[in-house]
Amino acid sequence: MIQRLAIFLGSRDGDDPRFGRDAYDVGAELAARGIELVYGGGGGGLMGRVSQGVLDGGGRVYGVIPRFMVEREWGRLHEPGVQMHVVETMHERKAMMTARADAFLVLPGGLGTLEELFEVWTWQTLSLHSKPVGLLNTDGFWDPLVATLDRLADHEFMSRTTVDDLVVAPDLAAALDGLASRLG
Ligand code: AMP
């Protein structure tokens, strides 16, 4: 059973309101299932939306945000239901999120989101942790990335097993099932 799920997703809203709605719905569903949201602590973009969905549903949010982001007022601090940790560096942030979460799920996002995905996934392949990683592939958003990963495996730059270890799911229920089935 997954009790604490780390979500990586955009600090921006994207070009379509459906991204925000989907992120909010994911947060609301986590709250309904009693799963804690572990995330980067941001109040803007999809990060803000997913955390708002959890809070409106009466759920629990565990955020880890670097001080420089707080100083730029990017963080979601001092709100009921939010356990926020202010750290000094991005590295500390990722280490705390990795330690706290049972599994990782990636929603639409940009460079930061991809960086987080590839770090936790790479570290899993190196056996630095054994926590499952997944893509929430709502409306096929991540299909081009999945195609690139398949290409890397086809050309033997990564193993097919590694690609297969990544959960790719069309909705949150399927993603949680896939992640739970890969818990170490
Ligand atoms: P991106 O996908 O580039 O929007 O970045 C999302 C991820 O990068 C988040 O999960 C954060 O770790 C980090 N990040 C980038 N910009 C911000 C921001 N304005 N507020 C909070 N976190 C951010």
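The values are calculated or read from the model by the stated rules, or taken from the named source; none is laboratory data. Because the structure is predicted, anything quoted here is derived from the model rather than measured. Here the Cβ is made from the backbone with ideal geometry for all residues, glycine too, and neighbour counts use every protein chain on show. Protein only, heavy atoms only, side chains kept; ligands, DNA and RNA dropped before computing areas. Shrake-Rupley method; radii C 1.70, N 1.55, O 1.52, S 1.80 Å.
Listed values, structure above:
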quantity	calculated
Lone unmet requirement of (1) farther than 23 Å from residue 1 by Cβ; (2) in contact (Cβ under 8 Å) with a residue 24 or more places away in the chain; (3) of a type in the set (D, E, K, R) for residue 151	(2)
Helices (runs of 4 or more DSSP H) wholly inside the range 1-102 containing at least 1 residues that are touching a Pro at 6+ places or on another chain (Cβ under 7 Å) and over 17 Å from residue 131 (Cβ atoms)	17-33, 45-56, 90-100
Subset of the range 87-119 [in contact (Cβ under 8 Å) with a residue 40 or more places away in the chain, more than 9 Å from the ligand (Cβ to nearest atom) and among the aliphatic types (A, V, I, L, M)]	101, 103, 105, 106, 107, 117
Test: residue in the range 23-41 that is in contact with a strand residue (DSSP E or B) (Cβ under 8 Å, 6 or more places away or on another chain) and open to solvent by 40 Å² or more (accessible area, probe 1.4 Å)	no
Residue 17, sole failed condition from (1) open to solvent by 50 Å² or more (accessible area, probe 1.4 Å); (2) closer than 15 Å to residue 110 by Cβ	(2)
Residues of the range 128-145 classified as closer than 16 Å to residue 171 by Cα and open to solvent by less than 50 Å² (accessible area, probe 1.4 Å), total	8
Verdict on residue 128 being over 17 Å from residue 37 (Cβ atoms) and in a loop (DSSP other than H, G, I, E, B)	yes
Number of positions in the range 42-66 that are on the phi > 0 side of the Ramachandran plot, open to solvent by less than 20 Å² (accessible area, probe 1.4 Å) and away from the ligand (no atom under 14 Å from the Cβ)	0
